[in-house]
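Written below as structure tokens is the structure these notes are about.
The values are calculated or read from the model by the stated rules, or taken from the named source; none is laboratory data. These numbers come from a predicted model, not from an experiment. Every residue, glycine among them, receives a Cβ derived from its backbone with ideal geometry; neighbour counts consider all protein chains shown.
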Amino acid sequence: MSNGPLSPEEEKAFRDWLELLSKTLPIQMKRTHDIIHLLLKNFSIAVESQSNMDNLISQNIPLEPKRQWHTCTYGDNQMGYTCGLWQLFHIMSIGVVEYNQHNAAIPTRHASETLRNYVEHFFQCEVCRLNFLDMYDNCSFDGCHRLSAQPASTEHEWRELPLWLWETHNDVNVRLMGERMEQNSQVEPNSWESQQARWPSLVACPNCWREDRSWEEDRIFEHLHRLYWHGNPLHIRVEETPHDFDTRYEKIPLSRKIGAIVFGVLLTLALLAKSDKSKIHAGRHKKIEI
């Protein structure tokens with residue numbers, strides 16, 4: 001989009017995403033909720049152009065003090081686009097479980113389809129986007145059966161969404177490690193090295209993994225819940241690893257980061273990201289345990 005309207009497919013993907021986030025983000029993210037409410041209330045105006053959206057935000061949402069987000073940016077707010085999106089995806093997935101405990105249940109398939117469509121239209125890392133869509137559309141990790149199109153009635157069923165997303169993310173980490181080793185003319189990762197690419201690590205969550213390197217479902221969910229829901233998600237702190245996995249992840253100017261939606265006002269940049277892909281630059285992105 002060059003200061004023009006979103007297509008009908010993009011409009012639907014964006015509206016569905018905003019509506020899902022409005023139900024599943026924690027209450028601590030008040031400014032984000034305010035922006036979502038504003039955009040949904042004025043949706044037809046907002047999606048007509050980048051300038052319309054900018055004006056809506058600037059005229060109705062007070063500016064926020066500048067922040068440094070060390071979890072994904074390591075203090076450099078030019079970094080962290082893809083990492084920020086993954087953080088948001090995990091928060092949303094835990095939020096579905098939380099929301100369903102007190103409201104008419106959101107089907108896990110509806111949430112995953114909404115996520116899939118958002119990635120298709122707004123994820124600005126092209127390789128990442130295509131890989132995610134390929135995994136999702138081909139039912140990786142039995143997603144077609146684990147994620148139900150019908151409203152489930154038990155927390156065990158709702159947990160399938162964050163657990164499926166966690167498995168998907170771990171598979172991405174292992175694949176990226178293998179590609180990095182191949183680029184450096186190293187041998188394929190062995191089972192121990194593949195385990196090291198997965199998260200949480202044995203140090204972060206010793207009870208999450210069995211001796212045979214399989215995982216404990218309940219302990220993994222508890223870890224995800226502690227990380228992405230307890231306390232204030234704006235201050236998530238995740239252990240770092242020394243690996244630089246995917247050099248294709250973008251180094252995007254702060255004004256172009258849709259992934260920083262977790263910060264609030266940057267949620268609205270879904271339109272901006274469509275407007276000028278030429279400003280997206282390849283840069284260093286550390287693999288961290290998110």
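For region 192-218, which residues satisfy the criterion of being closer than 26 Å to MET29 by Cα and either crowded, with 18+ Cβ neighbours inside 10 Å or at pLDDT 90 or above (or both)?
Matches in region 192-218: TRP199, PRO200.
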Positions within region 120-161 being touching a residue at least 60 places away in the same chain (Cβ under 8 Å), in a helix (DSSP H, G or I) and farther than 30 Å from SER7 by Cα, in sequence order
TRP158
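Residues are listed down the side, and each one gets a yes or a no for (1) part of a loop (DSSP other than H, G, I, E, B); (2) among the hydroxyl-bearing types (Ser, Thr, Tyr):
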site	(1), (2)
THR82	no, yes
LEU85	no, no
PHE89	no, no
ILE94	no, no
VAL97	no, no
ASN103	yes, no
SER112	no, yes
LEU115	no, no
TYR118	no, yes
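Do you know which of the residues in region 21-63 that are of a type in the set (S, T, N, Q) and touching a Gly at 6+ places or on another chain (Cβ under 7 Å) is modelled with the highest pLDDT? Spell out the reasoning first.
The first filter runs over region 21-63 and keeps only residues of a type in the set (S, T, N, Q), leaving 22, 24, 28, 32, 42, 44, 49-52, 55, 58-60.
Next, only the ones that are touching a Gly at 6+ places or on another chain (Cβ under 7 Å) stay: 24, 32, 49.
Numbers: THR24: 97, THR32: 88, SER49: 89.
Selected residue: THR24.
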Any residue that is closer than 28 Å to GLU216 by Cβ, modelled with pLDDT of 95 or more, more than 12 Å from the chain's Cα centre (by Cα) and not charged (D, E, K, R) - is there at least one of those in region 111-119?
yes
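Please tell me if HIS156 is over 25 Å from SER22 (Cβ atoms) and out of contact with any Lys or Arg (no Cβ under 8 Å at 6 or more places or on another chain). Don't jump to the end; show me each part of the working.
On the way: over 25 Å from SER22 (Cβ atoms): yes; out of contact with any Lys or Arg (no Cβ under 8 Å at 6 or more places or on another chain): yes.
For HIS156, the condition - over 25 Å from SER22 (Cβ atoms) and out of contact with any Lys or Arg (no Cβ under 8 Å at 6 or more places or on another chain) - is met.
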Determine if region 142-157 includes at least one residue that is surrounded by 18 or more Cβ atoms within 10 Å (Cβ to Cβ), modelled with pLDDT of 90 or more and among the acidic types (Asp, Glu).
yes
Of all residues in region 13-55, how many are surrounded by 14 or more Cβ atoms within 10 Å (Cβ to Cβ) and not in a helix (DSSP H, G or I)?
8
